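S.K.: Just passing along the structure, written as structure tokens.
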Amino acid sequence: MTQAIQLLVGTRKGAWMYRSDTARQAWQADGPLFLGQIINHFVRDPRDGRTMLMAASTGHLGPTILRSVDGGATWREASRPPAFPKGDPHGRSVDHSFWLEPGHADEPGVWWAGSSPPGLFRSEDGGDTWESVEGLNAHPQVMAWFPREGGTPDGAILNQIVIDPRDARHMYLATCSAGVLETRDQGATWRPLNQNVRCDFLPDPYPEFGQDSHYVALAPTDPDRLWQQNHCGIYRLDRPGERWERIGEAMPKEVGDIGFTIVPHARDRDTAWVWPMDGTEVWPRTSPGGRPAAYRTRDGGASWERQDRGFPAEQGWFTVKRQAFCADRADPLGLYIGTTGGEVWMSGDEGESWRQIAAHLPEIYSVVAVPAA
């Protein structure tokens, strides 16, 4: 069963929305929105299907959240965007919000945001006003977890928030300098969850924290299965276990297991996709050998298959950022990537074939697929 899909695309110079027909063959563009502004993340609330938020960095407003409550027809700025409390003892101020996450299905109106420098913020009114989550932002270990030095080229980030669909109090964070953090009391207390995750750039290759977790995803049919794309490999963790398994070692050696995103299948706990990039000594972060491809596992990471039909056979130097690879929930499932070269590619057959559906956009930061309203 196919369905019409809406893609929400955030770029370095604005946002776009694309809507498909029910066969996902024809796509119509709507945009640009906020042309010239940096849009790190563009998300729609699945609980009401109308509220949309953008994590924006604007020339005149600075770092802010842009809100629409009518499916993108009109927009307003949040009246109180995410900010550390005045007089923050560590001298932090939000440079930009990086990740937006709708709250648990049982908590309408609740949203979460991750920022640079790393911080966690919560809204209870649909993203209009935001409060600092002091359980993390004032944690005794906060500056050890999130030191001022290091981070991504765009700064240190709290780059992902993941909520257990069975329990609003159970959450995971992916961070660029503390790895994965876990809470079971909705942010009051936190602990690292990084056993057996390598940290090649530190003297101790297996520290309690210090890893760069690029992306974490729960299997939609089994929230006890966690997938992770890390700076140092692809991992899987089955709870209540504590020790991650490096399933990326099964990837072809000439490709490696470095990338930014991992995308689980909506209906199969053993299936997931990654987008590998060159992780050699100079870290070029482009498709290995200039030959872009997704890789799919259908056995929990024991083996991987290359999916490159439709992509350039050579001279395809794609870079796909951590928020720019996603899936819809149609059957067959659709996959979507956005590149830093401003192209959007899709597969309507679970990665078996790919085609370009948009080009000539600014550098793409995020792509989110939702059912068309």
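Since every read-out is calculated from the coordinates, none of them should be taken as a lab result. This structure is a prediction, so every number in the text was calculated from the model and none was measured. In this analysis, Cβ positions are derived from the backbone assuming ideal geometry, glycine residues included, and neighbour counts consider all displayed protein chains.
S.K.: Taking the conditions exactly as written (over 18 Å from Trp16 (Cβ atoms), over 17 Å from the mean Cα position of the chain (by Cα), touching a residue at least 12 places away in the same chain (Cβ under 8 Å) and surrounded by fewer than 19 Cβ atoms within 10 Å (Cβ to Cβ)), does Arg306 satisfy them or not?
M.R.: Yes.
S.K.: Just to be sure, is Thr2 hydroxyl-bearing (Ser, Thr, Tyr), assigned to a loop (DSSP other than H, G, I, E, B) and either under 23 Å from the mean Cα position of the chain (by Cα) or surrounded by fewer than 19 Cβ atoms within 10 Å (Cβ to Cβ) (or both)?
M.R.: yes
S.K.: Taking the range 178-193 only, how many residues are part of a loop (DSSP other than H, G, I, E, B), more than 16 Å from the chain's Cα centre (by Cα) and buried (at least 17 other Cβ atoms within 10 Å of the Cβ)?
M.R.: 5
S.K.: Show the residue pairs meeting these rules: Cβ distance below 8 Å; 6+ apart or different chains; first residue within the range 256-273 and more than 25 Å from Gly289 (Cβ to Cβ); second residue of a type in the set (S, T, N, Q).
M.R.: Partner pairs satisfying both residue conditions: Pro264/Thr271; His265/Thr271; Ala266/Thr221; Arg267/Thr221; Asp268/Thr221; Arg269/Thr221; Asp270/Thr297; Thr271/Thr297.
S.K.: Based on this model, can you work out whether Pro117 counts as of a type outside the set (D, E, K, R), more than 15 Å from His41 (Cβ to Cβ) and free of Cβ contacts under 8 Å to residues at least 12 places away in the same chain?
M.R.: Considered against the rule, which asks whether it is of a type outside the set (D, E, K, R), more than 15 Å from His41 (Cβ to Cβ) and free of Cβ contacts under 8 Å to residues at least 12 places away in the same chain, Pro117 comes out as no.
S.K.: Filter the range 203-224 for residues that are touching a Pro at 6+ places or on another chain (Cβ under 8 Å), surrounded by fewer than 22 Cβ atoms within 10 Å (Cβ to Cβ) and closer than 19 Å to Asp268 by Cα and give the result.
M.R.: Ala217, Leu218, Pro220, Pro223, Asp224
S.K.: How many of the residues in the range 332-366 are assigned to a strand (DSSP E or B) and surrounded by fewer than 17 Cβ atoms within 10 Å (Cβ to Cβ)?
M.R.: 2
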